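Heads up, the thing below is written out as structure tokens.
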Amino acid sequence: MVKECKKEVIRTPRRRTLPLKKRREGFAPVEFGLKREEALREAQRCLGFRECESCEICSLLCPDLCITRDEKTGEVLIDLDYCKGCGICASVCPKGAIQMVWEEGI
Ligand code: SF4
Ligand code: SF4
């Protein structure tokens with residue numbers, strides 16, 4: 001089941017670093033990790049998994065040239081009348097936005 005996610009902009013917490021003067025005094029790490037609360041909030045952010053980013057990698061590799069981009073909306077469209085179901089688009093999509101569905105009797 002896909003969980004509905006609330007779309008809101010959440011800033012990535014600013015990384016804390018060791019002051020320059022302290023860096024000169026030794027070999028301590030200069031970047032600190034996240035605080036517990038920050039790490040929990042980062043882990044709960046919706047990464048938009050399975051949402052198309054319109055990168056068009058799929059359209060570059062489709063052997064049937066049936067993936068196009070709507071010039072007005074920017075949406076990537078698949079013309080299923082010409083798709084032969086090879087699955088290349090689904091395998092190259094970095095977002096996992098394309099799912100192949102087995103159709104009985106075809
Ligand atoms: S499954 Fe269809 S849309 Fe995807 S690459 Fe193959 S022919 Fe193109
Ligand atoms: S379906 Fe995947 S590969 Fe195709 S444009 Fe969207 S994100 Fe890129």
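The values are calculated or read from the model by the stated rules, or taken from the named source; none is laboratory data. Because the structure is predicted, anything quoted here is derived from the model rather than measured. So basically every Cβ, Gly included, is an ideal-geometry build from the backbone, and we count neighbours across all protein chains shown.
With respect to PRO19, is the statement that it is more than 16 Å from ligand 2 (Cβ to nearest atom) and more than 22 Å from the chain's Cα centre (by Cα) true? Yes: the conditions hold for PRO19. When the residues of the range 33-58 are filtered to those that are of a type outside the set (D, E, K, R), surrounded by 11 or more Cβ atoms within 10 Å (Cβ to Cβ) and modelled with pLDDT of 85 or more, the one that is farthest from GLY96 (Cα to Cα) is LEU34. Scanning the range 59-82 for residues that are of a type in the set (A, V, I, L, M, F, W, C) and loosely packed, with under 14 Cβ neighbours inside 10 Å returns LEU60, LEU65, LEU77, LEU80. For the range 45-98, the candidate set comprises residues that are among the basic types (Lys, Arg) and free of Cβ contacts under 8 Å to residues at least 40 places away in the same chain; within that set, the residue that is nearest to THR12 (Cα to Cα) is ARG45.
Residues that are within 15 Å of ligand 1 (Cβ to nearest atom) and of a type in the set (A, V, I, L, M, F, W, C) number at least 1 in the following helices (runs of 4 or more DSSP H) confined to the range 30-104: 57-61, 88-92.
Among the residues that make up the range 8-22, is at least one of them among the aliphatic types (A, V, I, L, M) and modelled with pLDDT of 90 or more?
So far as the range 8-22 goes, yes, one or more of its residues are among the aliphatic types (A, V, I, L, M) and modelled with pLDDT of 90 or more.
Kindly provide the set of residues from the range 55-68 that are under 16 Å from CYS93 (Cβ atoms) and either within 8 Å of ligand 2 (Cβ to nearest atom) or hydrophobic (A, V, I, L, M, F, W, C) (or both), ordered by number. Passing the criteria: CYS55, GLU56, ILE57, CYS58, SER59, LEU60, LEU61, CYS62, CYS66, ILE67.
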